[in-house]
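Every read-out reported here was derived from the displayed coordinates using simple, explicitly stated rules and does not represent laboratory data. Note that the structure is predicted; figures quoted are calculated from it, not measured. When we count neighbours, we look across all protein chains shown, and the Cβ atoms used for this are built from the backbone with ideal geometry, even at glycine.
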Amino acid sequence: MTVFSRFAVVRAALAASLSGAAGGAVAVQSKFNLAPPMTPIANEIYSLHNMMLIICTAIFVAVFSVMFYSIWKHRKSKGAVAANWHENTTVEIVWTVIPFIIVIVMALPATKTVVAMKDTSNAELTIKVTGSQWKWGYDYLRGEGEGISFLSQLATPAAQIEGREAKTPTYLLEVDNPLVVPVNKKVRVITTANDVIHAWWMPAFGVKQDAIPGFARDTWFRADQIGTFRGQCAELCGKDHAFMPIVVQVVSAEDYSQWVSGKKQQMAALADDPNKTWTKPELMARGEKVYQANCQVCHQASGQGVQGAFPALAGSKVVASKGDQIAILLNGKNAMPTWKALSDVELAAVSTYTKNSWGNSAGEVQPAEFKAARK
Amino acid sequence: MSAVVHSPTGGHADHADHAHDHPHGWRRWLFATNHKDIGTMYLWFSLTMFFFGGVLALGIRMELFQPGLQFWKPEFFNQLTTMHGVIMVFGAIMPAFVGFANWQIPLQIGAPDMAFARMNNFSFWLLPPAAMLIVISFFVPGGATAAGWTLYAPLTVQMGPGMDLAIFALHILGASSIMGSINIITTILNMRAPGMTLMKMPMFVWTWLITAYLLIAVMPVLAGAITMTLTDRHFGTSFFNAAGGGDPVMYQHIFWFFGHPEVYIMILPAFGIVSQIIPVFARKPLFGYASMVYATASIAILSFIVWAHHMFTTGMPVTGQLFFMYATMLIAIPTGVKVFNWVATMYKGSMTFETPMLFAVGFIFVFTMGGFTGLILAMAPIDIQLQDSYYVVAHFHYVLVAGSLFALFAGTYYWLPKWTGHMYNEALGKWHFWLSMIFFNITFFPMHFLGLAGMPRRYADYPLQFADFNLMASIGAFGFGFTQLLFLYIVVRCIKGGPKAAANPWGAEDGGLEWTVPSPAPFHTFETPPVVK
C-alpha cells in the first residue's frame with residue numbers, strides 16, 4: 001500500500017505547487033485522474049484506485065497476451081492444426097481459486113476505508129446540507145458558527161451558458177455563497193433535501209452523499225489544505241441538475257473565526273421585524289426578488305409555469321385565494337416543496353407579488369398572517 | 001458434443017407442406033405462429049428501436065460536443081438521456097436476444113417450433129404498441145419522462161403524462177418478456193430431441209434457459225416498482241414519499257433488485273453466442289463446457305444478492321456496504337472463468353477470422369475492460385467517488401455495447417447465412433467490425449477519464465476541464481452511429497441476394513443441429529425429431 005500512497009502524496013504536492021501561484025486559492029482541476037486528494041479519506045480512495053488499476057491492468061495484459069499470442073500463432077493461414085483437448089479439472093480449479101485470492105487481497109484495504117468513511121463521531125463542526133431544485137442550503141448546526149444559515153446558488157451568468165459571453169475558467173463551478181470550513185477540523189455533513197434526491201459531491205474530499213427528501217444521512221471530511229474546492233450535484237434532480245455546483249472554502253482557524261463573526265453581523269442586519277406592517281409597494285419589491293430566487297425556475301418569469309409539469313400562477317385559483325396559497329407555501333403539495341424555511345416577511349412578500357402580477361389582482365398579505373398560519 | 005443420425009428435416013426439405021400451408025401477405029406476419037417468422041419480426045423490431053435509440057444518443061452527443069447549451073434546453077436533454085436508456089435496454093437489446101432465441105433455440109434443440117406458438121405471436125405483437133406509447137410520449141405536454149431510465153422517485157412524481165406512458169409501455173414490455181420466457185423455458189425443458197440431455201445442449205440454449213428464469217423472477221418486481229410510482233403520482237399513495245410514511249430509497253432497492261439481474265439478462269445470452277462462435281472458428285471444442293454452464297448459473301444466482309452496489313452513496317450502514325461490496329466482487333470469479341475458457345479454447349486452435357469471429361474476439365477483449373471497471377466500481381470507497389459519474393457511463397457501455405451489442409452482431413453474421421440462404425459480403429462485414437471497434441473506443445474510452453476527473457452523468461452542460469474528452473466522445477459517437485448504417489446495408493443486401501450459403505457454411509464440426517438443415521432453413525424443420533447421440 002505504501003507505494004500507492006506515496007504516489008498520491010506526490011500528486012497532491014504537485015497540485016499544491018501548481019496552485020501555489022494563486023496563493024493556494026484555486027485547486028488545480030483534474031483532467032485524467034481523480035481530483036488531487038485533500039482529505040485522509042480521499043487519499044485512501046486515491047491509493048485504492050491506483051492499486052486496483054495496477055492489478056487489473058496486469059491481469060488484463062497477462063490474459064490478453066495469451067489471447068493475442070494464439071491469434072498470432074494458432075491461425076489456420078499459418079498452417080496451425082487444431083489440438084483437440086478440452087476439460088482439465090486442475091486448470092479449472094486453479095483459475096477459480098487464484099481470482100478468489102486476488103479478490104480477497106483487494107477487499108481487505110477497501111474494508112478498512114469503508115469503516116473509516118462511516119465513522120462520523122466526534123465531529124468538531126456539524127453542517128446540515130439541504131438540496132433543493134436547484135441550489136444548496138447550508139445550516140451550521142453545531143460548533144463554531146452555530147446558527148449560520150444561507151443558500152448557495154450558481155453564480156455563472158446565463159450569458160456564458162448560452163454562449164453570448166466568453167466562459168471563465170470556473171464556468172459552472174462558481175457560487176454566490178460558498179461553504180466555509182476551518183482546515184484540519186473534522187466536519188460532519190448531514191444531508192437532506194426539500195424536493196427530490198440530490199447528491200453532495202466534493203471530489204477532492206472523497207465525499208459523495210445522497211441528499212434524500214424526508215431523511216437525514218451523514219458523512220464527514222477533514223480537509224488538510226487551505227484552498228477553494230469545487231464539486232457538483234451528482235444525482236439527477238430535474239432540469240437544472242447541471243447547474244447547482246458546490247464550492248467549499250477551506251480557511252485557517254483565524255480566518256474562519258473572522259468569517260463567522262462577519263456572517264453573524266450580516267445575518268442580524270438582514271433580519272426583518274415580523275411585527276412591522278409593510279406597504280404594498282414594499283411587499284411587491286421584496287416579493288419579486290424572492291420569486292426570482294425561489295419560484296421562477298419552475299413557475300417561470302412569465303408566471304405561466306411549464307405545461308404538464310409546473311402549474312401556471314397567472315390566473316390561478318390558488319394564488320387568488322388567501323388560505324390555500326398560505327397552506328401550499330407552508331406545507332407543499334406533490335412536486336411543490338414546502339417553503340417553511342423562508343421568513344414570514346419573504347413569504348408574505350412573494351404571496352403579494354404573485355397575487356398582483358401577470359394580470360392577477362388579489363390584494364396583499366402581511367407577514368403576521370404567515371406567522372399565525374405556522375401555529 | 002453431439003452427432004446427428006437422421007434425416008434432419010424429417011423429409012420436408014421443400015418449402016411449405018401443402019397440408020399445413022401458412023397464410024401469405026400481411027396475414028403471414030400478423031397471425032404468425034412460426035418461430036422463424038416471429039424471430040425475424042423480433043429482430044427487425046429491435047433493429048428499428050436500435051436506430052431510434054441511436055438517434056437520441058446522437059442528440060445527446062451533439063449537445064455535449066462543446067460546453068454551453070447549443071441545441072437543447074436541459075429539460076429536453078434529460079428526456080434524451082432517459083429515453084435513450086429505456087429504448088436501448090427494453091426496445092433494442094432485450095427483444096434482439098428474444099429474436100435470436102426464437103430463431104435458434106428450436107433449431108438448436110431439434111424442436112419443430114416453440115412450445116406455445118400463439119402466445120409467441122402475442123408476446124411479439126405487444127411490442128409495437130409499447131414502442132408507440134414511447135414515441136407518443138415525446139409529444140404530450142411536458143414531453144417524455146426525464147427522470148433517467150432508472151425512474152427514481154420522487155423525481156418521477158414531478159413528471160408530466162409522458163411518465164405514465166412510459167410506465168404503461170414498460171408494463172407491456174414486461175408482460176411480453178414474461179410470456180417469452182415461459183415459452184422459452186417450456187420449449188427447452190420439453191422439446192429437446194431424443195438424446196439431447198441438458199448437459200449436451202448448446203451454450204446459447206443454456207444461457208437462455210438461465211436468462212429466462214431471471215426474467216420471470218425480476219420482471220414482476222419492476223412492474224411492482226413502477227405501479228407504486230403510478231399510484232404515488234395519481235392516487236395519493238406514499239410508497240416513496242417520506243411525508244406519508246414512505247421512503248424514496250425503497251424505490252431504489254426494489255428497482256435494483258430488478259435492475260441488477262436485468263444487466264445479466266442482457267449479457268448471459270451474449271456469453272452463449274460467443275461460446276458458440278469461438279469453438280467453430282478455432283476448430284477446437286469449447287475448453288470447459290461444464291464449467292461454462294456452472295459459471296453462468298453462478299452469475300445468475302449472485303445477481304440477486306448484489307443490487308445495493310448501485311446505491312452505495314444513499315448512505316447504507318457499514319455492514320450493508322461491506323456485504324454488497326464482497327458479494328459484487330465475487331462475480332468477478334465466474335466471469336473470469338468464462339474469459340479464461342474462451343482464451344483456452346482459442347489456444348492451440350486453428351483459427352480463421354471471418355466477421356462473426358472478429359466480433360466474438362472483439363467482444364472478449366473489450367467486454368473484459370468493462371468487467372475490470374466493474375470490479376473497480378465494486379469497491380465501495382472507489383464507488384462513492386465514481387458513482388453517478390462518467391466512469392459509470394463508460395463502464396456500462398463497455399459491457400452493453402461492446403458486450404451485448406457486439407455479441408448480437410457476431411450472432412447475426414454467424415447465423416445470417418442460415419436465415420437468408422445467402423452469404424453476406426465478408427469485406428463489408430470486416431469494415432463494419434473495425435469501424436465499430438475503433439469508433440466505440442473513441443467514444444467511450446475518454447469517458448473513464450471524464451468520470452475520474454469528476455464529471456457527473458446526465459449533465460446537459462459541463463465545466464471547461466471536461467471539454468476535450470467530450471469533444472472526442474462526440475466525434476466517436478457520430479462515427480459509431482453512421483457505421484451502423486453499414487450494418488443495415490449488409491443485412492439488406494444479404495437478404496436480397498449474394499452467394500448461395502451451404503447448409504454448414506462455416507464447416508462447423510459438431511457445431512449444432514442448426515447446421516444440419518438446409519440454408520435458408522425451411523419454413524418447417526425437425527417435424528420428425530432428430531436423434532442426438
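Structure note, pairs A:73/B:533; A:112/A:186; A:185/A:340; A:239/A:276; A:239/A:333: Cα-Cα distances above 28 angstrom occur for A:73/B:533; A:185/A:340; A:239/A:276. Rounded to a whole number, what is D in µm²/s for the stretch B:380-533 from Stokes-Einstein with the Kirkwood radius over alpha-carbon pairs (10 °C, 1.306 mPa s)? In µm²/s, the coefficient rounds to 87.
In chain A, the alpha-carbon atoms span a convex hull of 236 Å³ per residue.
When the helices of chain A are scored as -39500 (n - 2.57) per DSSP H run of n ≥ 4 and the total is divided over every residue, the value at 222 nm lands at -13500 deg cm²/dmol. Both radii are taken from the alpha-carbon atoms of the stretch A:191-279; with Rh as the Kirkwood radius, Rg/Rh is 1.08.
Each of B:380, B:26, A:285 was placed along the dipole of the protein assembly as shown (beta-carbon charges, centred on the mean Cα), and the one lying farthest toward the positive end is B:26.
Derived scalar couplings between HN and Hα for the stretch B:122-132 equal 5, 5, 6, 6, 6, 5, x, x, 4, 4, 5 Hz in order, rounded to whole Hz, by the Karplus curve 6.51 cos²θ - 1.76 cosθ + 1.60 (θ = phi - 60°), x for Gly and Pro. Among beta bridges identified by DSSP and lying wholly in the protein assembly as shown, the antiparallel ones come to about 70 percent.
Report the residues of the stretch B:187-214 in range of a label on residue B:510: point 7 Å along Cα→C-beta, backbone N strictly under 17 Å from it. Once the point is set 7 Å along Cα→Cβ of residue B:510, B:195-206 turn out to lie under 17 Å by backbone N, inside the stretch B:187-214. At q = 0.14, 0.25 Å⁻¹, what is the base-10 log of I(q)/I(0) for the stretch B:247-314 according to the Debye formula with one equal point scatterer per Cα and no solvent? Please give it to two decimals. Result of the Debye calculation: -0.55, -1.04. The label point for residue A:258 and the one for residue A:144, both projected 7 Å from the Cα toward the Cβ, are 1.3 nm apart. Using Cα-only point scatterers and the Debye equation, what is log10 of I(q)/I(0) for the stretch A:234-321 at each q in 0.10, 0.17, 0.19, 0.20 Å⁻¹, rounded to two decimals? For the stretch A:234-321, the Cα-only Debye profile gives -0.50, -1.01, -1.05, -1.07.
Using amide H atoms built in the peptide plane, which far-off residues or other-chain residues are under 5 Å from residue A:75 H to H? The list, which skips near neighbours in sequence, is A:80, B:351. Axis angle, to the nearest 10 degrees, between helix B:35-63 and the longest C-alpha principal axis of chain B: 30 degrees. With R₀ fixed at 30 Å, the C-beta to C-beta distance from residue B:352 to residue B:294 puts the FRET efficiency at about 0.50. If we count every other residue with Cβ under 15 angstrom of residue B:193's Cβ, Lys/Arg +1 and Asp/Glu -1, where does the sum land? Result for the neighbourhood of residue B:193: -1.
Residues whose amide H falls under 5 Å from that of residue B:462, counting only those 5 or more places apart or on a different chain, are B:68, with hydrogens built in the peptide plane. Database remark: amide H of residue A:309 closer than 5 angstrom to no amide H (H placed geometrically; neighbours at sequence offset of 5 or more, or on other chains; Pro and chain starts carry no H). Once the chain from residue A:268 to residue A:165 is taken as fully extended at 0.36 nm per residue, the excess over their C-alpha distance is 33.4 nm. For chain B, the longest principal axis of the Cα atoms and the long axis of helix B:467-496 meet at an angle of about 20 degrees. Spin-label pair residue B:318-residue A:105: with each label point 7 Å from Cα along the Cα-Cβ axis, the two points sit 2.6 nm from one another. Given +1 at the Cβ of Lys and Arg, -1 at the Cβ of Asp and Glu and no other charges, the dipole of chain B around its Cα centre is 720 debye to the nearest 20. Give me the net charge of residue B:411's neighbourhood, meaning all other residues with Cβ under 14 Å from the Cβ of residue B:411; Lys, Arg count +1, Asp, Glu -1. Spelling it out: positives minus negatives among the neighbours equals -1. With N counted as the residues of the stretch B:26-109, its alpha-carbon radius of gyration over 2.2 N^0.38 Å works out to 1.46. For the cross-link pairs A:31/A:135; A:78/B:200; B:338/B:430, which exceed 27 Å when the distance is taken from alpha carbon to alpha carbon? Over 27 Å Cα-Cα: A:78/B:200. Can you give the relative contact order of chain B as a percent, counting alpha carbon pairs under 8 Å and 6+ residues apart? Here the relative contact order equals 22 percent. Based on C-alpha pairs under 8 angstrom that are at least 6 apart in sequence, the stretch A:98-158 has a relative contact order of 20 percent. Among the residues of B:137-143, the average count of other protein chain beta-carbon atoms within 10 Å of the residue beta-carbon is 2.
With the convex hull constructed from alpha-carbon coordinates only, the protein assembly as shown shows a mean projected area of 38.9 nm² over all directions.
Comparing A:211, A:327, A:159 in a Gaussian network model of chain A, where Cα atoms under 10 Å apart are tied by springs, the biggest mean-square fluctuation is seen for A:159.
Under 16 Å between alpha carbons, and skipping anything fewer than 8 positions from residue B:496 in its own chain: which aspartates and glutamates qualify? Hits, sequence-local ones excluded: B:426.
Residues A:96, A:279, ranked from the fewest to the most other C-beta atoms within 10 Å, line up as A:279, A:96. Couplings 3J(HN,Hα) of the stretch A:116-131, computed from phi: 5, 5, 8, 8, 9, 6, 6, 6, 8, 9, 10, 10, 8, 10, 10, x Hz, in residue order, whole Hz [Karplus 6.51 cos²θ - 1.76 cosθ + 1.60, θ = phi - 60°; x for Gly and Pro]. List residues of the stretch B:174-209, by number, whose backbone nitrogen lies under 15 Å from a label position 7 Å along Cα→C-beta of residue B:227. Taking a point 7 Å out along Cα→Cβ of residue B:227, the residues of the stretch B:174-209 whose backbone N falls under 15 Å are B:174-176, B:178. The distance between label points at residue A:122 and residue A:76 comes to 7.0 nm (points 7 Å beyond Cα on the Cα→Cβ vector). The coefficient of translational diffusion for the stretch B:207-286, derived via Stokes-Einstein from the alpha carbon Kirkwood radius under 25 °C and 0.890 mPa s, stands at 165 µm²/s.
Size descriptors for the stretch A:137-256: radius of gyration and Dmax over Cα atoms are 14.7, 44 Å.
Taking every alpha-carbon pair within the stretch A:219-375, the share separated by more than 28 Å comes to 37 percent. Relative contact order, whole percent, for the stretch A:308-375 stands at 32, derived from Cα pairs under 8 Å and 6 or more residues apart.
Helix A:344-355 axis versus longest C-alpha principal axis of chain A: approximately 80°, rounded to the nearest ten. Remark: chain B projects, on average over all directions, an area of 23.9 nm² (convex hull of Cα atoms). Backbone geometry of the stretch A:65-70 corresponds, through the Karplus equation with coefficients 6.51, -1.76 and 1.60 at θ = phi - 60°, to 3J(HN,Hα) couplings of 5, 5, 5, 6, 4, 6 Hz, x marking Gly and Pro.
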